[in-house]
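A short reminder: the numbers here are calculations on the coordinates, not readings from a lab. Note that the structure is a prediction, hence the values are computed from the model and not measured. Please note: Cβ atoms are built from the backbone with ideal geometry, for glycine as well, and neighbour counts cover all protein chains shown.
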Amino acid sequence: MSPSSPAGSSSSSSSSLYTNTLLALPDGPIPPSHLDLTSHCVSLLGGYPTFPPLPASAAGKVPEEVRCGVCHKPMPLLAQVYCPPENGENDRTIYVWGCARVKCQKREGSVRAFRASIRNEEYVRDVEEKRAAAEKAAAAEREKARKNPFTISSDSQPNGSALFGTAQPLFGAPSSGSNPFAAPVTSSEAPDLSSLSISSSTPSSSTTLAPPLPAYQPAQYLSTIEEYIPPVEDMEVEEDEDSDDEAIAQNGGLEEAWEKILPKGVDEVFENFVRRLEAADGGSKQVLRYELGGMPLPYSTQSPICKRLFPGAEKPLAKDEELDLASLYNPSSVPPCPQCKSKRTFELQLVPSLISVLKPNAITTTGKPSEDQKETKPLSEEERKKELERLAAGVKGEDKSAAEKEGEMEWGTVLVYGCEKDCVGLVEEWVGVEWETSLM
Ligand SMILES: [Zn+2]
Ligand SMILES: [Zn+2]
């Protein structure tokens, strides 16, 4: 079923099919009260963000909550991504929030991102030791790669150009307690989720936001794979008129589902977006793409963000012309880091499958998963009555209250650009949202 295994391929040309992008996939719920829920060194979806202990100069900036720029209400966290740059001296964590209120969709300010960077004394102190450990981990990864085609093999690492050691888990993996890069290194205490709030935080401890702020529950781990695009031959797709149909046959329902969303051939940029997501080995479940200093994958020529970052992409292609986004890419209009004035560079983007992972009915303010989600459990008589009352109230309220309600988010992609210099502190970073569009 699965396309050819990169690990099994001996030809060196296949290595070029690894891109420098890391794909993040949901990897199961984090158990309640787990220490990973209070670490800034863990990558997760939903749940509450944990900010690292910031230097005294920056400590006052830790937000008690992050509010929507439209409705001014606290927003649930979409993702926390732990991404210390390779060979850097900092812990770096990116946080993205999005408002789920119906009335806030497609409006500026309803998605926001922050970056927390702190000097990691351990990284600085014993870089050598960590290198050795990383090499050991790399050997273990190589061993694993022989069995798992989705894991990068040692001979196919993008040489030199990779920003991260490929064997080094960029995002804290759930089972990575022994890995020096993924283990929470600075938080000495494990604060209780329910009791910790901004007021109890000092510069020397981390801060985890907590109920009654809204959050998608349960929080889920994010794990990463390298993006690997199998050779076209392997998919038996010919460069002819039938190629679309064959691709549909190959990818089955997934591609069909995409085709239903939008008719093909309407928007080259959108087609490129969809095909890239679907083409990667194991990539159909990707919810987030990470490549510090890379180029984002634009979603639609219709969006102002695409026109801004890829000027000219909206022009129709000549008959034999291929879409060449790299030649159009121009991020010079992205504002610099507000703290150190350095250039901001592309860091990560959220893709639409995240929307189906973070369902509005998973938002609670209790720190616990919502009862709504347990759909399989039959309702008791009393619950049924309550549910009817709730529905009746909803119908009565109609217009205004419907817009106040939480619904599915309506973006196509969320681009986050972060400070290239990785300056220490907690800084709001630049977010470019391409809203979901109908291209009919
Ligand atoms: Zn809002
Ligand atoms: Zn900066």
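Among the residues of region 330-348, those that are crowded, with 16+ Cβ neighbours inside 10 Å and not hydrophobic (A, V, I, L, M, F, W, C) comprise Pro331, Gln339, Arg344, Thr345, Glu347.
Picking from Ser39, Ser57, which residue would you name as being away from ligand 1 (no atom under 16 Å from the Cβ) and surrounded by 20 or more Cβ atoms within 10 Å (Cβ to Cβ)?
Ser39
Taking the listed residues Ser333, Ser303, Ser284, the one that is under 16 Å from the mean Cα position of the chain (by Cα), more than 16 Å from ligand 2 (Cβ to nearest atom) and of a type in the set (S, T, N, Q) is Ser284, with no other qualifying.
Working only within region 67-106, note down all residues that are more than 27 Å from Asp36 (Cα to Cα) and within 8 Å of ligand 1 (Cβ to nearest atom). Give the derivation first.
Looking only at region 67-106, we keep the residues that are more than 27 Å from Asp36 (Cα to Cα), and these are 69-72, 101-106.
Residues satisfying the conditions are Gly69, Val70, Cys71, His72, Arg101, Lys103, Cys104.
Please work out if Leu45 is in contact with a helix residue (DSSP H, G or I) (Cβ under 6 Å, 6 or more places away or on another chain) and away from ligand 2 (no atom under 16 Å from the Cβ). So Leu45 does not fit the description; no.
Please indicate, with yes or no, whether at least one residue in region 56-70 is within 16 Å of ligand 2 (Cβ to nearest atom) and among the basic types (Lys, Arg). Yes, some residue in region 56-70 is within 16 Å of ligand 2 (Cβ to nearest atom) and among the basic types (Lys, Arg). Residues in region 71-94 that are within 16 Å of ligand 2 (Cβ to nearest atom) and part of a strand (DSSP E or B): Asn90, Asp91, Arg92, Thr93, Ile94.
Of everything in region 107-117 that's under 25 Å from Leu54 (Cβ atoms) and within 15 Å of ligand 1 (Cβ to nearest atom), which residue is surrounded by the most Cβ atoms within 10 Å (Cβ to Cβ)? Before you say what the answer is, go through the steps one by one.
Looking only at region 107-117, we keep the residues that are under 25 Å from Leu54 (Cβ atoms), and these are 109, 111-117.
Then drop every residue that is not within 15 Å of ligand 1 (Cβ to nearest atom), which leaves 109, 111-112.
Numbers: Gly109: 15, Val111: 25, Arg112: 22.
My answer is Val111.
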